[in-house]
Amino acid sequence: HSASELGSAPAMYSFGMMLSEGRGVARHDANAALWLGRSAEQGFARAQFHLGRLLEAGTGTAQGTPASTKYAAAVRRYAEAAHQGLAEAQCSLGIMFEQGRGVDPNPGEAARWYRKAAYQGDLAAQCNLGTMYNDGRGVPQSHAEAVRWYARAANQGYARAQCNLGYKYDQGEGVPQSDEEAVGWYRKAAEQGNPSACCNLAVMFEQGRGVAQSFANAKTW
């Protein structure tokens with residue numbers, strides 16, 4: 001395919017994603033990065049985001065490229081899409097600031113981008129923002145705010161938030177302590193395969209907290 005054949009930025013993005021995922025064509029990461037890059041240069045936000053993901057993973061760069069170079073390139077692409085309002089890119093940019101990948105660690109900037117994505121309904125961002133409040137990183141520490149954001153994501157089925165919300169009920173932080181509520185949220189997350197939730201649910205069965213004591217069930221989880 002030539003650029004003239006594909007024409008628009010959305011078409012180049014679609015072709016790049018086909019190459020990236022091996023849909024209808026042989027998977028080819030370098031060519032995927034090339035076509036996503038062409039779309040990204042035209043300002044197409046989803047191409048900028050997915051190119052960022054390729055760069056972060058190292059599949060869109062030459063072999064042997066230093067991690068710092070890959071991450072900095074990914075941050076640039078995430079930022080382009082994030083400033084256009086793409087929630088997934090805003091969340092990914094927040095993660096880069098939180099972890100100090102491609103940028104200096106900056107909890108305040110991480111929380112700011114998580115919040116933008118969270119208000120757009122991004123479940124990972126809602127959970128991550130809850131954790132920032134839980135730990136008091138980049139925002140004032142608040143168990144109540146942590147619970148509020150965990151609950152928003154948990155009620156939409158996001159397993160990590162369900163586990164975290166269960167732990168808040170388990171410990172009585174930001175909510176009245178309730179073994180039953182803790183078990184309920186741990187179970188929802190564990191049924192989705194969340195490892196921490198499986199472990200926590202097993203402990204609840206072992207100790208008979210919020211459920212009838214059952215060593216058999218404890219071993220099952």
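Observations, loosely collected:
- Looking across the range 125-144 at every residue that is closer than 21 Å to residue 200 by Cα and under 15 Å from the mean Cα position of the chain (by Cα), the one that is surrounded by the most Cβ atoms within 10 Å (Cβ to Cβ) is identified as 130.
Per-residue answers, yes or no, for (1) open to solvent by less than 30 Å² (accessible area, probe 1.4 Å); (2) assigned to a loop (DSSP other than H, G, I, E, B); (3) more than 15 Å from residue 200 (Cβ to Cβ); (4) touching a Phe, Trp or Tyr at 6+ places or on another chain (Cβ under 6 Å):
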position	(1), (2), (3), (4)
146	yes, no, yes, yes
151	yes, no, yes, no
156	no, yes, yes, no
163	yes, no, no, no
166	yes, no, no, yes
175	yes, yes, yes, yes
183	yes, no, no, no
187	no, no, no, no
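- Qualifying residues in the range 189-221 (those that are open to solvent by less than 30 Å² (accessible area, probe 1.4 Å), at pLDDT 95 or above and not in a loop (DSSP other than H, G, I, E, B)) - the one nearest to residue 155 (Cα to Cα): 189
- Where a residue in the range 72-95 is closer than 12 Å to residue 52 by Cα and at pLDDT 95 or above and its partner, wherever it lies, is among the basic types (Lys, Arg) and not in a helix (DSSP H, G or I), with Cβ under 8 Å and at least six apart: 74/101; 75/101
- Within the range 204-216, residues that are at positive phi and of a type in the set (Ser, Thr, Tyr) have Cβ atoms under 6 Å from residues that are surrounded by fewer than 14 Cβ atoms within 10 Å (Cβ to Cβ) and modelled with pLDDT of 90 or more in no pair, counting only partners at least 6 apart in sequence or on another chain.
- Where a residue in the range 128-145 is aromatic (Phe, Trp, Tyr) and its partner, wherever it lies, is assigned to a loop (DSSP other than H, G, I, E, B) and surrounded by 18 or more Cβ atoms within 10 Å (Cβ to Cβ), with Cβ under 7 Å and at least six apart: 133/139
- The range 1-103 holds helices (runs of 4 or more DSSP H) entirely within its bounds, and those carrying 1 or more residues that are in contact with a helix residue (DSSP H, G or I) (Cβ under 7 Å, 6 or more places away or on another chain) and surrounded by 23 or more Cβ atoms within 10 Å (Cβ to Cβ) map to 9-21, 29-41, 45-57, 67-83, 87-99.
The values are calculated or read from the model by the stated rules, or taken from the named source; none is laboratory data. All values reported here derive from a predicted model rather than from experimental measurement. Neighbour counts are summed over all protein chains in view; Cβ atoms, including those assigned to glycine, are modelled from backbone coordinates with ideal geometry. Side chains are part of the model used for accessible areas, which takes the heavy atoms of the whole protein and leaves out ligands, DNA and RNA. Shrake-Rupley method; radii C 1.70, N 1.55, O 1.52, S 1.80 Å.
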